[in-house]
Protein chains: 2
Amino acid sequence: MTDGVAERSRPRDRILETAQDMFHKHGIKGVGVDAITEAAGTNKMTLYRHFESKDELVIECLRATAAKASRIWDEFEARHPGDKLAQLHAWVQKASELLSADSRGCDMANAAVELTETDHPARRVIKELKEAQREKLVALCRDAGIGQAELLADTLSLLLEGARVSMQSVGAEGPSAQFVRMAESLIASFRAR
Amino acid sequence: MTDGVAERSRPRDRILETAQDMFHKHGIKGVGVDAITEAAGTNKMTLYRHFESKDELVIECLRATAAKASRIWDEFEARHPGDKLAQLHAWVQKASELLSADSRGCDMANAAVELTETDHPARRVIKELKEAQREKLVALCRDAGIGQAELLADTLSLLLEGARVSMQSVGAEGPSAQFVRMAESLIASFRAR
DNA sequence: TCTGGAAGTTACAGACCGGTAACACCCTAG
DNA sequence: CTAGGGTGTTACCGGTCTGTAACTTCCAGA
């Protein structure tokens with residue numbers, strides 16, 4: 001049967017895509033490799049021929065997710081070429097849209113919550129990817145002409161991260177409902193300084 | 001052997017305390033009931049005589065955690081009786097202290113991330129407890145004489161929630177390092193309106 | 001048409017999981 | 001001293017987990 005994953009792509013790609021989706025929805029420890037391969041229309045042996053372990057698969061999924069996020073940033077630049085302030089507003093808008101569309105939050109943050117072993121191989125990858133995203137937002141704020149760019153970027157980061165996790169515990173009608181308002185008035189106040 | 005849990009309390013109390021600690025450190029799905037009972041210096045049968053299932057134990061742990069948090073709020077009132085603004089600053093201070101002391105974040109939010117089944121019995125408890133905490137912070141902001149009390153409370157909530165989860169993915173040197181500064185300047189700007 | 005590698009199949013190992021049954025023990029209240 | 005409830009012990013159930021072995025099937029390219 002088809003599972004939403006294109007049937008005629010290569011097994012490795014199907015596994016990666018299916019795993020991303022299932023890890024996102026059910027958590028990492030909430031999904032077994034058997035379930036992934038079945039949903040991907042393949043089998044366990046094929047998974048282990050392409051990924052040396054479940055942990056390795058998790059890491060590849062996180063990288064893929066980060067790559068998708070990166071493509072969204074490209075859209076900002078494409079839609080508002082050179083206009084960094086407009087891109088920052090677009091970031092807020094897009095973040096809000098993703099919040100409404102999906103209540104399971106950020107895969108990397110969720111993974112960090114689930115994978116508690118301090119030496120888990122995925123942890124350093126999570127940290128690297130999150131740091132890269134932070135750098136990007138700081139650069140965007142700075143290039144948008146904001147003075148305390150790091151502080152604004154970090155505040156926006158925490159707001160979004162908080163909105164994503166709040167969504168999962170109290171739902172969409174909780175504090176996260178006001179995210180856009182908070183972010184926009186924050187940007188305004190930083191621009192006024 | 002002793003495990004930090006008082007040896008001469010009742011088994012039920014030892015189990016509850018140990019489970020809280022282990023769920024907090026290693027996550028819910030990362031700890032088995034065997035490990036809990038062993039660390040609590042008792043056995044599985046005794047656990048199941050006091051709690052009808054692991055899920056039920058999880059719920060009791062969350063309630064206990066919320067009760068501890070509630071006691072912290074009592075301290076605010078005790079230390080700054082009647083002075084709600086001082087209590088709000090104390091809230092910021094205390095939040096920051098807890099952030100520094102422990103990088104595993106909020107048990108309820110973490111549980112919400114781990115327990116993805118929408119009908120999991122713990123989810124409604126999490127929602128109730130989180131909503132109660134929200135109410136408290138809103139009331140504190142309002143009683144401190146702040147106009148848009150709900151908005152400030154929700155913004156502070158998201159900042160703290162974000163700081164707690166950011167801590168787990170990027171560490172203490174990430175955006176969460178600026179939490180106090182963000183919170184205080186936010187309070188100041190709300191007071192100025 | 002032949003061949004070699006990728007993919008599928010089945011079965012299994014070994015560990016862990018939540019939860020239960022049956023029974024022995026101990027300690028305290030009467 | 002005795003009875004009984006709380007507790008400890010051991011063994012087990014059925015299920016799930018990650019990961020592997022051995023074998024078969026399929027299909028594309030030479």
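The values are calculated or read from the model by the stated rules, or taken from the named source; none is laboratory data. This is a predicted model, so every value here is computed, not measured. So basically every Cβ, Gly included, is an ideal-geometry build from the backbone, and we count neighbours across all protein chains shown. Accessible surface areas use protein heavy atoms only, side chains included; no ligands, DNA or RNA. Shrake-Rupley method; radii C 1.70, N 1.55, O 1.52, S 1.80 Å.
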> Across the residues of B:39-48, average count of Cβ atoms on other protein chains within 10 Å?
Replying inline: 0
> In nm, what does the list of distances from residue B:94 to its counterparts in the other copies look like, shortest first, when each label sits 7 Å along Cα to Cβ?
Replying inline: 4.0
> Which residue, A:132, A:101, A:149, tops the fluctuation ranking in a GNM of chain A built on C-alpha contacts under 10 Å?
Replying inline: A:101
> Per residue of the protein assembly as shown, what 222 nm ellipticity follows from adding -39500 (n - 2.57) for every DSSP H run with n ≥ 4, rounded to the nearest 500?
Replying inline: -24000 deg cm²/dmol
>> Just to confirm the filter: which trypsin sites (Lys or Arg not before Pro) across the stretch B:64-99 are DSSP coil and have at most 12 other Cβ within 10 angstrom of their Cβ?
In response: none
> Taking only protein heavy atoms and a 1.4 Å probe, what accessible area per residue, in Å², does the protein assembly as shown have with all protein chains in place?
Replying inline: 48
> Quick one: if the Förster radius is 30 Å, what FRET efficiency do residue A:75 and residue A:185 give, using the C-beta to C-beta distance and rounding to 0.05?
Replying inline: 0.75
> Which helices, counted as full DSSP H runs in chain A, have an axial Cα extent of no less than 15 Å and a Kyte-Doolittle average of -1.0 or above?
Replying inline: A:54-79, A:84-101, A:121-143, A:149-170, A:179-192
> Can you give the average number of partner chain beta-carbon atoms within 10 Å of each beta-carbon in peptide B:24-35, as a whole number?
Replying inline: 2
>> Below 8 Å between Cα atoms, with a sequence gap of 6+, how large is the relative contact order for chain B in percent?
In response: 20
> Roughly speaking, what is the centre-to-centre gap between the stretch A:8-79 and the stretch B:144-165 when only Cα atoms are used, to the nearest Å?
Replying inline: 35
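Please label the shape of the protein assembly as shown as rounded, prolate or oblate, based on the square roots a ≥ b ≥ c of the eigenvalues of the alpha-carbon gyration tensor (a/c under 1.5 means rounded; beyond that, a/b larger than b/c means prolate, else oblate).
oblate
Counting only GluC sites (Glu not before Pro) that sit in a DSSP loop (anything but H, G, I, E, B) with at most 14 other Cβ atoms within 10 Å, what is the longest stretch of chain B containing none of them?
Within chain B, the longest run free of exposed GluC sites (Glu not before Pro) spans B:53-116.
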>> A 27 angstrom limit on the alpha carbon distance is what I want to check against. Which of A:84/B:94; A:68/A:127; A:94/B:136; A:94/B:94; A:54/A:94 exceed it?
In response: A:84/B:94; A:94/B:136; A:94/B:94; A:54/A:94
> For chain B, what are the per-bin percents of Cα-Cα distances with bins 5 Å wide, up to the bin holding the maximum?
Replying inline: 1, 7, 14, 17, 17, 15, 12, 8, 5, 2, 1, 0
>> Can you tell me how the stretch B:9-51 classifies by the Cα gyration tensor, rounded, prolate or oblate, using a/c under 1.5 as the rounded cut?
In response: prolate
> So, with a 1.4 angstrom probe, what is the percent of accessible area on the stretch B:22-77 that is carbon and sulfur?
Replying inline: 51
>> Taking each residue in A:103-113, count the Cβ atoms of any other chain within 10 Å of its Cβ, then average. What number comes out?
In response: 5
>> Interface size between chain A and chain B, please: total buried accessible area, 1.4 Å probe, rounded to the nearest 100 Å².
In response: 3300
>> Within the stretch A:81-118, list the residues whose amide N lies under 20 Å from a label point set 7 Å along Cα→Cβ of residue B:104.
In response: A:109-118
